[in-house]
1. Taking the Cα of residue 101, stepping 7 Å toward and past its beta carbon, and measuring to each backbone N in region 20-42: which are under 19 Å?
2. Given H placed 1.01 Å from N in the peptide plane, which residues other than close sequence neighbours of residue 18 have an amide H under 5 Å from its amide H?
3. In sequence order, what are the phi-derived ³J(HN,Hα) couplings for region 85-90 according to the Karplus relation 6.51 cos²θ - 1.76 cosθ + 1.60 with θ = phi - 60°, rounded to whole Hz, with x for glycine and proline?
4. With charges only on Cβ, +1 for K and R and -1 for D and E, what is the dipole size of the chain about its Cα centre, in debye, rounded to 20?
5. Modelling each spin label as a point 7 Å along the Cα-to-Cβ direction, I'd like the residue 66/residue 12 distance in nm, to one decimal.
6. Running a GNM on the chain with Cα contacts under 10 Å, which residue among 13, 76, 97 ends up with the highest mean-square fluctuation?
7. Tell me, 35, 8, 68 in order of fewest to most beta-carbon neighbours within 10 Å?
8. Pick from 34, 56, 14 the residue whose mean-square fluctuation is largest in a GNM of the chain, springs joining Cα atoms under 10 Å.
Amino acid sequence: MGVVAAHTMFGLPALFASGHARHGAAQIFSEGLATMGLLLVIALVSHGRGTATPYAVAAYIVGAYWFTSSTSFANPAVTLARSLSDTFAGIRPADVPGFLVGEIAGTIAAALLIRWLLSEKVSAESGVSR
């Protein structure tokens, strides 16, 4: 619905597939890194200072848009939505599976890293050595 609303606001057709090519190992790696970074920001900032999480997420997404070659979709819903809009931020439907693979890999890496980092922090706070 967000894509339809955005297109309507700009006088574009309600839905149309993107033709913006985003493929290859570099793009997939970039998307995995973007996803991992976003999840790390969410988990670690919310764990330490929850009220700052929305600001940290916004700052990360703005930065990741510029420092990743994929422009940091970092979310399967965003990836699918961008395939329905033929704008600079779009992605060809044929390139969506690669981005989803990158996002899944980034999610797995983030989960493992978050688990390790937070278990280290809990151990340090409780005085238990590992």
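Read-outs throughout are calculated quantities, based only on the coordinates presented, and are distinct from any laboratory measurement. Keep in mind it's a predicted model, so treat the numbers as computed, not measured. Glycine also receives a Cβ, built like all others from the backbone with ideal geometry; neighbour counts cover every protein chain displayed.
1. 21-36
2. 84, 85, 91
3. 9, 8, 10, 4, 7, x
4. Values: 7 positive and 6 negative charges, 33 e Å.
So the dipole magnitude of the chain works out to roughly 160 debye.
5. In this crude label model, residue 66 to residue 12 measures out at 2.3 nm.
6. With Cα springs under 10 Å in the chain, the top fluctuation among 13, 76, 97 is at 13.
7. 8, 68, 35
8. 14
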